[in-house]
Structure formats: structure tokens, C-alpha cells
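S.K.: The structure that follows is given in the form of C-alpha cells.
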Amino acid sequence: MKFKPVPPAPDEFGYVTRVQRAVPLVPGTEDDCCARLMNRLDLPSRDAARTWLTFLRALELAEETPSGYRRTDREPGVAGCREAFLNRVFAADAVRDALAAEGPLTADAAFEAVRERVPAWERHRDTEWTDAWRERVADLLDWLVLLDAAARTGGDGAPRYRFA
């Protein structure tokens with residue numbers, strides 16, 4: 001199963017650990033877990049909390065049980081999260097592969113490289129789907145940097161990303 005929601009990448013990996021620790025050990029409803037994330041992490045909205053909860057599931061740091069959501073016993077680590085990210089987050093591997101094949105890319109160029117991977121139903125449900133997917137690819141690139149699968153390079157204008 002591939003997960004789609006991706007929050008903006010934090011400035012440091014330790015934040016992922018903080019988010020995981022905010023998820024209860026004893027399963028709770030989605031509403032309870034989102035409220036807990038919002039309170040403990042000062043997230044701006046329930047949607048932001050729900051995105052993090054789903055993303056933690058993708059990283060195998062939280063799980064949905066018949067009783068609700070709970071944190072897993074898996075310790076957050078860059079290598080383990082990178083593997084789960086590439087295997088379980090939709091288009092993460094395609095963005096990484098585009099960097100490997102085409103060299104340093106801006107976020108816009110990376111989007112163009114993976115544009116055809118966007119499902120047809122996504123393209124048809126929103127006439128401005130390209131804006132959302134450009135933002136999504138930019139978030140994926142930032143996560144690849146945080147998880148040591150890519151590097152951001154300086155320069156004039158938009159940042160460029162390269163395969164690491």
C-alpha cells in the first residue's frame with residue numbers, strides 16, 4: 001500500500017521522533033490522536049495532524065488497529081524511515097529516481113520528470129492539480145534531503161536537488 005499525504009519536512013529529523021512520541025501507545029480514535037498531536041506539537045489544524053498521523057503510518061512509526069491509532073515500537077531512524085519513505089510513500093521513489101537519472105533538478109524540473117506518474121483521477125478531479133503536485137514534489141524533495149537520499153545545492157534562483 002502506498003500513502004499519499006506528506007507533511008512539509010521539518011528542519012531536523014528529531015521532530016519526527018517528537019511526532020511519533022505524541023501518538024499514544026494505547027490505541028485512540030483518529031479524533032483523539034489528532035487532538036493529541038495538535039496539543040503536543042502546536043500543529044495549526046486537524047488536517048495537519050491527520051496528515052502527520054497518516055505519514056507516520058507510511059514510515060511504520062504508527063499503525064491503525066481495530067481500536068484506533070497507536071504508535072509502533074519501531075524507533076525512528078533516518079535509514080529505516082528512508083526505506084519506508086521510498087517504499088510506501090506515493091511517488092517518492094520516482095522523484096528519487098529522477099534525481100539519479102537526470103542530475104541536479106529544481107523542484108519544478110523534478111515535477112516535470114514525474115508528471116506522468118500522477119494518477120488520471122487526480123488530474124480530472126481538479127483543474128489546478130499541477131499546483132498541488134508541484135508542492136507535493138517539493139515536499140518529497142525536502143524529505144529526501146532530510147532522509148539523506150538527496151542533497152540540496154545552492155546557487156542563484158530556485159534550489160536544486162541532487163541524488164545523494
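S.K.: Could you tell me whether Asp156 is at pLDDT 95 or above and in a loop (DSSP other than H, G, I, E, B)?
M.R.: no
S.K.: Let me ask another. Which members of the stretch 139-164 meet the condition of being surrounded by 22 or more Cβ atoms within 10 Å (Cβ to Cβ), aliphatic (A, V, I, L, M) and under 12 Å from Ala9 (Cα atoms)?
M.R.: Those that are surrounded by 22 or more Cβ atoms within 10 Å (Cβ to Cβ), aliphatic (A, V, I, L, M) and under 12 Å from Ala9 (Cα atoms): Leu140, Leu141, Leu144, Leu147.
S.K.: Right, another one. Looking only at residues that are outside any loop (DSSP other than H, G, I, E, B), at pLDDT below 95 and among the hydrophobic types (A, V, I, L, M, F, W, C) in the stretch 111-125, which one is farthest from Lys2 (Cα to Cα)?
M.R.: The extreme case among them is Ala113.
S.K.: If I ask for residues that are modelled with pLDDT of 90 or more and either touching a His at 6+ places or on another chain (Cβ under 8 Å) or not acidic (Asp, Glu) (or both), which ones from the stretch 126-142 would you list?
M.R.: Trp129, Thr130, Ala132, Trp133, Arg134, Arg136, Val137, Ala138, Leu140, Leu141
S.K.: Collect the residues in the stretch 17-36 that are farther than 22 Å from Phe90 by Cβ and within 17 Å of the chain's Cα centre (by Cα), keeping them in residue-number order.
M.R.: Selection gives Thr17, Arg18.
S.K.: So how many residues does the stretch 127-158 have that are touching a helix residue (DSSP H, G or I) at 6+ places or on another chain (Cβ under 7 Å) and not basic (Lys, Arg)? Give the steps one after another, and end with the answer.
M.R.: Applying the first criterion (touching a helix residue (DSSP H, G or I) at 6+ places or on another chain (Cβ under 7 Å)) to the stretch 127-158 yields 129, 133-134, 137-138, 140-141, 143-144, 147-152, 158.
Applying the additional criterion that residues be not basic (Lys, Arg) yields 129, 133, 137-138, 140-141, 143-144, 147-151, 158.
Count: 14.
The values are calculated or read from the model by the stated rules, or taken from the named source; none is laboratory data. Worth saying up front: this structure is predicted, and the values here are computed from it rather than measured. Reconstructed Cβ throughout: ideal geometry from the backbone, glycine too, with neighbour counts over all protein chains shown.
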